[in-house]
1. Within segment 17-26, count every residue that is free of Cβ contacts under 8 Å to residues at least 12 places away in the same chain and either surrounded by 11 or more Cβ atoms within 10 Å (Cβ to Cβ) or on the phi > 0 side of the Ramachandran plot (or both).
2. Just name the residue that is farthest from the chain's Cα centre (by Cα) out of those in segment 104-113 that are closer than 18 Å to residue 7 by Cβ and in a strand (DSSP E or B).
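The values are calculated or read from the model by the stated rules, or taken from the named source; none is laboratory data. Remember, it's a predicted structure, so these values are computed and weren't measured experimentally. All Cβ positions, even for glycine, are placed from backbone atoms using ideal geometry, and neighbour counts span all protein chains on display.
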């Protein structure tokens, strides 16, 4: 479950030639800019970034990412980062000096405070 009050990490699938030498790598950190909105089954998640995005492979057409939060996903009540959502990057918008990352996910996403 996404907790709006907790910080987030954004991870991207790393470069490699096969699944044994690839891994998820952190490309950004931040916090939720607003509550995710769902329209026709597509959830848009807005994340206010702390710094810039460090993409692994800029040549990819689709930037598939994983959103992680401490103590969530498969790591309840732990100090480890757990997956709360997966989606694709749709863009980065500048708003009053803030960088807002837009991520869209087609999977059901549960949101809590």
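1. From segment 17-26, those free of Cβ contacts under 8 Å to residues at least 12 places away in the same chain are 17-23; that's our starting set.
Within this subset, residues satisfying the condition of being either surrounded by 11 or more Cβ atoms within 10 Å (Cβ to Cβ) or on the phi > 0 side of the Ramachandran plot (or both) are 22-23.
Number satisfying all stated conditions: 2.
2. 112
Listed here are the residues, each with its yes/no results for (1) within 20 Å of residue 38 (Cα to Cα); (2) touching a helix residue (DSSP H, G or I) at 6+ places or on another chain (Cβ under 7 Å); (3) free of Cβ contacts under 8 Å to residues at least 24 places away in the same chain; (4) not in a strand (DSSP E or B).
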| residue | (1), (2), (3), (4) |
| --- | --- |
| 72 | no, no, no, yes |
| 79 | no, no, yes, yes |
| 83 | yes, no, yes, no |
| 87 | yes, no, no, no |
| 91 | yes, no, yes, no |
| 94 | no, no, yes, no |
| 99 | no, no, no, no |
| 102 | yes, no, no, no |
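Residue-wise test of (1) at pLDDT 90 or above; (2) in contact with a strand residue (DSSP E or B) (Cβ under 6 Å, 6 or more places away or on another chain); (3) surrounded by fewer than 16 Cβ atoms within 10 Å (Cβ to Cβ).
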| position | (1), (2), (3) |
| --- | --- |
| 28 | yes, yes, no |
| 37 | yes, yes, yes |
| 50 | yes, yes, yes |
| 63 | no, yes, no |
| 66 | yes, yes, no |
| 77 | no, no, yes |
| 84 | yes, yes, no |
| 100 | yes, yes, no |
